[in-house]
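Read-outs throughout are calculated quantities, based only on the coordinates presented, and are distinct from any laboratory measurement. What you are looking at is a predicted structure, and each value in this text was computed from that prediction instead of being measured. Glycine gets a Cβ as well: all are built from the backbone with ideal geometry, and neighbour counts include every protein chain shown.
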Amino acid sequence: AQKVTQAQTEISVVEKEDVTLDCVYETRDTTYYLFWYKQPPSGELVFLIRRNSFDEQNEISGRYSWNFQKSTSSFNFTITASQVVDSAVYFCALTLLSGGYNKLIFGAGTRLAVHP
Amino acid sequence: DGGITQSPKYLFRKEGQNVTLSCEQNLNHDAMYWYRQDPGQGLRLIYYSQIVNDFQKGDIAEGYSVSREKKESFPLTVTSAQKNPTAFYLCASSARTGFNEQYFGPGTRLTVT
């Protein structure tokens, strides 16, 4: 079964704290991609990162970093020195090729609240 | 600017009425998708289309219908057969082949009373 689990429903931090959002996935496929999306209060999902199953290099983009570990089927997302603008719901997603199209399987999301 | 537009942002309907949600993209993407989001939950796929005049059911297609007459447009009709239509609806598009990321519109919040 293909599944994405985000065990943290809500996280609350104070500005400038570091915070890590966990994502664990299940798939039998050897080729797949993992994504993170941000959903601010406006509702639109914003694409953050795509990582393929063959590339386990960690990635850093400004205050954002991602740790992909195939051995534990995890793709965790860390925000360093959080800011109020980081407050949003964050979704981890797994994509598989199914019938020729890329099917996204979403986790339930983690709501992050960053307080001043 | 390239992107996806959905209208309207908020929609109110009486029970028993069909309602059509608009989705337009100018990203030149072949594939388009409709998702439903309920409070505190992830997104669930309703329908998807890989190419004009072709579309497939997703995981929760019952009570919904779509059409894909133009590459840019993928409207979703919520019919009276949908038992619990109140939700947030998101449209997305992607390049057709491979593991391309999907880009999302701003969503339509539908309330049926």
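When the Karplus curve 6.51 cos²θ - 1.76 cosθ + 1.60 is applied with θ = phi - 60°, which whole-Hz ³J(HN,Hα) does each residue of the stretch A:24-41 get, with x for Gly and Pro?
Whole-Hz 3J(HN,Hα) from phi for the stretch A:24-41: 10, 10, 10, 6, 9, 5, 8, 10, 7, 10, 10, 9, 10, 10, 10, 10, x, x.
Modelled label-to-label distance, A:V85 and B:N53, 7 Å Cα→beta-carbon offset: nm?
Each label point lies 7 Å from its Cα, and together they span 4.7 nm.
What dipole magnitude, in Debye to the nearest 20, does the stretch B:1-45 give about its Cα centre under +1 on Lys/Arg Cβ and -1 on Asp/Glu Cβ?
In debye, rounded to 20, the stretch B:1-45 gives about 260.
Only bridges with both residues in chain B count here: give the DSSP antiparallel percent, nearest 5.
On the way: 33 of 37 bridges.
Just about 90 percent of them are antiparallel.
What list of ³J(HN,Hα) couplings, whole Hz, do you get for the stretch B:55-70 from phi and the Karplus terms 6.51, -1.76, 1.60, once you set θ to phi - 60° and write x for glycine and proline?
8, 10, 6, x, 7, 9, 6, 4, x, 10, 9, 9, 9, 9, 8, 10
By a straight-distance test (C-alpha under 29 Å), which lysines pair with A:K103 as possible cross-link partners, with residues fewer than eight away in the same chain excluded?
A:K3, A:K38, A:K70, B:K9, B:K57, B:K70, B:K71, B:K83
Within the stretch A:9-116, which chymotrypsin sites (Phe, Trp or Tyr not before Pro) sit in a loop by DSSP and count at most 14 neighbouring Cβ atoms inside 10 Å? Provide the component values of the computation, followed by the final result.
Values: sites: A:Y25, A:Y32, A:Y33, A:F35, A:W36, A:Y37, A:F47, A:F54, A:Y64, A:W66, A:F68, A:F75, A:F77, A:Y90, A:F91, A:Y101, A:F106; in loops: A:Y32, A:F54.
For chymotrypsin sites (Phe, Trp or Tyr not before Pro) across the stretch A:9-116 that sit outside H, G, I, E and B with at most 14 neighbouring Cβ atoms in 10 Å, the list reads A:F54.
Per Stokes-Einstein, at 4 °C and 1.567 mPa s, what whole-number D in µm² s⁻¹ belongs to the stretch B:15-113, with the Kirkwood radius over Cα pairs as the hydrodynamic radius?
Values: Rh = 13.6 Å.
Value of D from the Cα-based Kirkwood radius: 96 µm²/s.
Summing Lys, Arg as +1 and Asp, Glu as -1, what charge do residues with Cβ under 12 Å from the Cβ of A:R51 carry, A:R51 excluded?
Values: positive: A:R50, A:K70; negative: A:D55, A:E56, A:E59, B:E101.
After counting each charged neighbour, the total is -2.
Give me the percent of Cα-Cα pairs in the protein assembly as shown that sit more than 28 Å apart, rounded to a whole number.
31
Calculate, in nm to one decimal, what A:T31 and A:Q57 gain on full extension: separation in residues at 0.36 nm each, minus their alpha carbon distance.
Values: separation 26, 0.36 × 26 = 9.36 nm, distance 1.59 nm.
Computed gain between A:T31 and A:Q57 is 7.8 nm.
So what's the stretch A:1-77 giving for Rg/Rh, alpha carbon basis, Kirkwood Rh from the mean inverse pair distance? If you can, show how the numbers build up before the last one.
Details: Rg = 13.3 Å, Rh = 13.8 Å.
Using Cα coordinates only, the ratio equals 0.96.
Where Rh is the Kirkwood radius over the Cα pairs of the stretch B:1-47, the temperature 25 °C and the viscosity 0.890 mPa s, what D in µm²/s does Stokes-Einstein return?
Details: Rh = 13.0 Å.
Result for D is 189 µm²/s.
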